[in-house]
């Protein structure tokens, strides 16, 4: 910063423009990254929600099919059909089972046909049996082999000349009342299902033009998807799923995808997956980003024109003035400065000329002016002290009115009256009376403030007071302790979730110094901000309000008041650890006095 101030004015303007352009460009880049990441997170949450719905619908469909398989395999007619040797009785059981299967098939639109296979490979067909379809599936997948499917759900089954996708559910049939062992196995119930119902579950989930939702079997075969008219590339799908990392992203052939999946459904072992290209996600931001870039370009151009005009109207005339005052002082006393520029610059040049004309006339009054300046300095000293005192009132009043506003929303009239009573006491105490008060009166003001805070936050904070009884009648500057408590609550405890504790300790040291220590277990102060605040206190200065807002303005006021009254080394010291809390200590010389105790005594904290 010092090196920047030492640069010539022209270079400062050029450097300022370069830094502004860099900040604008960096802000645009950061804005793009943040907005895209936010949109990506939103899309991911949407996909997870859609996947949960598809998974739930898939499990509902497969559960209903499995229930049908258990119903058929556990039917007495099924067991009798597979064990009966009498052809007449066998036919009767087959008719009974046929009626049951017809009813079950009609109740579940996913079911294409229901078959029974005995252990010898014989196939029992019923109403709705499609011989052609079954034969073709058997030729390609050994559909009628009882050893092919031991139980549960198969993967996707397709035929070369058909776009339909099928899957099957198999359920072993055992002797009734016997253990489910291979020796007691009578056959298998095989239910062939269409994936049309699964397609209905996927078809309504598309979030963009190229988004892909699918139900996959254990071998990543596609059972159903939302883009039947343009099936997702079967070769690239396994690559995308295998490349997906914990951040649910995958990049294949230079194209990035957002991948979400539910890896294993409880009934079938299938998975549900969604894949969306990043290009689809960022498409909505393109127009907005174009407008933002155009706006930034216009802003930079306007800033450049403004700097050029400032240099022409202000910088160059100012440099002429600088060159003039750099000349020999004895020479410029007898010359006048001639500047062409804005009225303000010409007025400045005229003022310099008048100043030069008056220097000789003012020399003989130097001693008188020095005396007068000393008196003015004393007045300024007192005025600055009064100004610091007045800065505290609006800051405290704003926070208190904000608390009252919150209670009006809750309709708590009694609490509002109590707060207003406490507030009026604090304002009377701050406005009326002498600058020096007793420690007892100052603590009473703190108690009134705590009444306001306790009602505002419903007893969320615990306030502990530890004071030596012998210092209650000692004198101290008015309105110092309340800003300490206010700073601890609003910048420490209020930002911390849950309850918090504030401890105020008042003691007299052996060296005759009063020590007031305010400790909270709030959020603490970040290390960088703490260092800036400590440096400002050490230099008796204020932090930049543009950088810090009103944060800790009360602490800085208290410190400067003590320095103006007592001088160094008295004042405030601050120690803080982010996440653990803050300790503020106030030290100044004790002023014992036999003041009578106030009629209103301090109550318990």
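Taking label positions 7 Å along the Cα-Cβ direction at both residue 132 and residue 267, the computed distance is 3.1 nm, reported to one decimal. With the simple model of a label 7 Å out from the Cα in the direction of the Cβ, residue 67 to residue 566 spans 8.2 nm.
Quote the FRET efficiency, to the nearest 0.05, computed for residue 30 versus residue 413 with a Förster distance R0 of 41 Å and r equal to the Cβ-Cβ distance.
0.30
Approximating the spin labels as points 7 Å out from Cα along Cα→Cβ, the residue 280-to-residue 139 distance works out to 3.8 nm.
Only the coordinates and a few stated rules stand behind these numbers; no lab work does. Because the structure is predicted, anything quoted here is derived from the model rather than measured. Note: ideal-geometry Cβ built from the backbone for every residue, glycine included; neighbour counts use all protein chains shown.
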